[in-house]
Amino acid sequence: MSPGAQAGEPLSHPYPTRIHATNPLNKETDWDTIKGFCDQLNNEPDGPQLATRLLAHKIQSPQEWEAMQALTLLETCMKNGGKRFHSEVGKFRFLNELIKVVSPKVMIHVSLLPLR
């Protein structure tokens, strides 16, 4: 298992050690860490809540590779997560964060010159 995904380490442990699965320095997808993350979110009482907060943040990363890894992690957790995780993903709070990713950014430019 990769560093940051030691057995028994809680998801509530400081985020940097728990998110090795989405580390932008990873050269390839770390399936062992992803599987460990999914297993832990199922075994901890607040695992689904913490996992969805972390995933929402990582999916919005400006670093494309980090965001893609977070989407892979989300997909794997959806397949292996169970009812509690599915329920958390279906909540407005998480869905609203995903909408931010796919919604076009609206830029309004206000001209200082009067219209003729």
Can you find a residue that is within 28 Å of residue 28 (Cβ to Cβ) and outside any helix (DSSP H, G or I) anywhere in segment 77-95? yes
Those residues of segment 46-60 which are over 12 Å from residue 88 (Cβ atoms) and in a loop (DSSP other than H, G, I, E, B) amount to 60
Of residues in segment 1-45 being at pLDDT 60 or above, of a type outside the set (Phe, Trp, Tyr) and open to solvent by 80 Å² or more (accessible area, probe 1.4 Å), the one farthest from residue 92 (Cα to Cα): 27
By residue number, the members of segment 44-76 that are farther than 28 Å from residue 27 by Cβ and in contact (Cβ under 8 Å) with a residue 24 or more places away in the chain are 44, 46, 48, 49
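The values are calculated or read from the model by the stated rules, or taken from the named source; none is laboratory data. Remember, predicted model here, so these are calculated numbers, not experimental data. Cβ coordinates were reconstructed from backbone atoms using ideal geometry, including for glycine residues, and neighbour counts include every protein chain displayed. All accessible areas refer to the heavy atoms of the entire protein, side chains included, with ligands and DNA or RNA removed. Shrake-Rupley method; radii C 1.70, N 1.55, O 1.52, S 1.80 Å.
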